[in-house]
1. Just wondering, is there one or more residues in segment 52-60 that are of a type outside the set (Asp, Glu), within 15 Å of Ile119 (Cβ to Cβ) and in contact (Cβ under 8 Å) with a residue 12 or more places away in the chain?
2. Checking Ala47 against (1) without any contact (Cβ under 8 Å) to a residue 24 or more places away in the chain; (2) closer than 20 Å to Ala18 by Cβ; (3) buried (at least 17 other Cβ atoms within 10 Å of the Cβ), only one condition comes out false. Which one?
3. Among the candidates Ala77, Ala66, single out the residue that is small (Gly, Ala, Ser), within 22 Å of Ala18 (Cα to Cα) and under 15 Å from the mean Cα position of the chain (by Cα).
4. Find the residue count for segment 6-33, including only residues that are closer than 18 Å to Leu140 by Cβ, in contact with a helix residue (DSSP H, G or I) (Cβ under 8 Å, 6 or more places away or on another chain) and β-branched (Val, Ile, Thr).
5. Within segment 102-141, count every residue that is assigned to a strand (DSSP E or B), buried (at least 23 other Cβ atoms within 10 Å of the Cβ) and over 10 Å from the mean Cα position of the chain (by Cα).
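Read-outs: derived from the displayed coordinates by stated rules, not from any lab. Please read all numbers here as calculations on a predicted model, not as lab measurements. Glycine also receives a Cβ, built like all others from the backbone with ideal geometry; neighbour counts cover every protein chain displayed.
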Amino acid sequence: MSTTTTAVAPLTIQDAEALIEGAAAAAASAGVAVAVSVVDAGGHLLAFRRDDRAVLIAGETSTRKAFTALQLDSPTADLVDAVQPGGLFHTLPTALDRPLLFLAGGVPLHRDGRLIGAIGIGGGAPAQDHEFASAAADTLV
């Protein structure tokens, strides 16, 4: 039996820059200053931008949200309840020596059904960060 594997194009710097532009435009139109991080499939930072009006911690939170969305292949907005007491992942944030952050704003990125990276937004309210990240992710081709 032969198996054929179809190659999926990895996340490129051009993709990452387009994602950042899309997220920044969505945030700007809402009047929110944010930081945007894009990580590749290996969890390495591919692109980053922090609006000069965004709070400094937004840079760190955007990167951690992207990394969390990538590692669990799930929007961080969908994981918030899982880390609450009694939740499936209650001990996960402290069990690993990883920069995980379970706040809305991280979204995994897929191409042809394969995980190729993630985007994270920090600086707005969690629902806003999720909205901006999702809007940017929806533009990925």
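1. Within segment 52-60, one or more residues are of a type outside the set (Asp, Glu), within 15 Å of Ile119 (Cβ to Cβ) and in contact (Cβ under 8 Å) with a residue 12 or more places away in the chain.
2. Looking at each condition in turn, Ala47 falls short on (1).
3. Ala66
4. Selection size over segment 6-33: 1.
5. 0
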